[in-house]
């Protein structure tokens, strides 16, 4: 009986592999990408790329085990939820209030060490940020938030940016 149950579980596991989640991959240049609108210091941009963009942009660098289900489904669900909360690829489409709210959320997440998720840091050691790195991201988010709130036109001329990207 135990052998039969084992083979049923094995067959179900094999069957699950046929159903792969849709991937968060795109080769297009996103017109509303954060960096197309605001100045990001190189050090902060590197930190955002290493620790944030996999779940908070339209392009994820997937680990090999995304192909193993149900792990892939779990990870894709986390990525989809992360993009719904904050998507750096669409940041330029946010109105002033929403942009400031997002930047305040970034500051809070850095101060409380709630992002990146522990499960992400487990396989991506670059995402395990030091206190200094967290402070750098939080300080950048604060400064950008102040810049946007004091002058919402502090962004590059959005029409000019969009025209050059078309």
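Read-outs: derived from the displayed coordinates by stated rules, not from any lab. For clarity, every value in this text was computed on a predicted model and none was experimentally measured. Backbone-built Cβ (ideal geometry, glycine too); neighbour counts: all protein chains shown.
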Checklist outcome for this item: Ranked on Cβ counts within 10 Å of their own Cβ, fewest leading, 135, 42 go 42, 135
Next on the checklist: How would the range 2-165 be classified by its alpha-carbon gyration tensor: rounded, prolate or oblate, with rounded meaning a/c under 1.5 and the a/b versus b/c comparison settling the rest?
Outcome noted: prolate
Next on the checklist: Can you classify the range 1-94 as rounded, prolate or oblate using the Cα gyration tensor, where a ≥ b ≥ c are the square roots of its eigenvalues, rounded means a/c under 1.5, and otherwise it's prolate if a/b beats b/c and oblate if not?
Outcome noted: prolate
Item to check | the chain, helix-only ellipticity at 222 nm - DSSP H runs n ≥ 4, -39,500 (n - 2.57), divided by all residues, nearest 500 | outcome: -17500 deg cm²/dmol
Checklist entry - Angle between the Cα long axis of helix 42-51 and the longest principal axis of the chain, 0 to 90 degrees, nearest 10? => result 20 degrees
